[in-house]
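Visitor: Can you keep this structure in mind? I'll have questions shortly.
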Amino acid sequence: MKRIQSHHFGNFDHRGRLAVVVLESLDDEPVDEGVSEAWAAEVLARSAAYSRGELKAVDWREALQEIEADLNELSAS
C-alpha cells in the first residue's frame, strides 16, 4: 500500500491497515486481497479529488444520517 501523508487525512498506510483489521473482524473469512487493493485505490482517488477541490468533506454525523435514511428507504420498499 502506498504511503501518503496529508494534514487532512493523516497517514493512509496506518488507516488502511486499520480498515483491513476492522473488515476482517466482521467475518471469519479473511478479506480478499483484491478487495483491499480496490479500497486502497478508492481512498487514494478520493484523497486526490479532495485535494483538487472536486470533493468536499462531510461530517461523519451527516454522512451517517444520509446512510440511515437510504437504508430506511430501501427497507420500506
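All of the numbers you see were taken from the coordinates with simple rules; none came from a lab. All values derive from a computational prediction rather than experimental measurement. Positions of Cβ are backbone-derived with ideal geometry, glycine not excepted, and every protein chain shown enters the neighbour counts.
Visitor: Across region 15-37, what is the number of residues that are loosely packed, with under 11 Cβ neighbours inside 10 Å and either in a helix (DSSP H, G or I) or touching a Ser or Thr at 6+ places or on another chain (Cβ under 7 Å) (or both)? If you could, list the steps in order and put the result at the bottom.
Guide: So in region 15-37, the residues loosely packed, with under 11 Cβ neighbours inside 10 Å come out as 18, 21-22, 25-30, 32-34.
When the remaining residues are screened for being either in a helix (DSSP H, G or I) or touching a Ser or Thr at 6+ places or on another chain (Cβ under 7 Å) (or both), the result is 18, 21-22, 25, 33-34.
Of the residues in that region, 6 qualify.
Visitor: Are any residues in region 49-61 part of a helix (DSSP H, G or I) and farther than 24 Å from residue 21 by Cα, and if so, which ones? So that I can check it myself, show each step before the final result.
Guide: Within region 49-61, the first condition is being part of a helix (DSSP H, G or I), and the residues that meet it are 49-51, 60-61.
Residues satisfying the conditions are 49, 50, 51.
Visitor: Give me the pairs, please: first residue somewhere in region 46-59 and on the phi < 0 side of the Ramachandran plot, second residue anywhere and assigned to a helix (DSSP H, G or I) and among the acidic types (Asp, Glu), beta-carbon distance under 9 Å, and either six or more positions apart or on two chains.
Guide: 58/66
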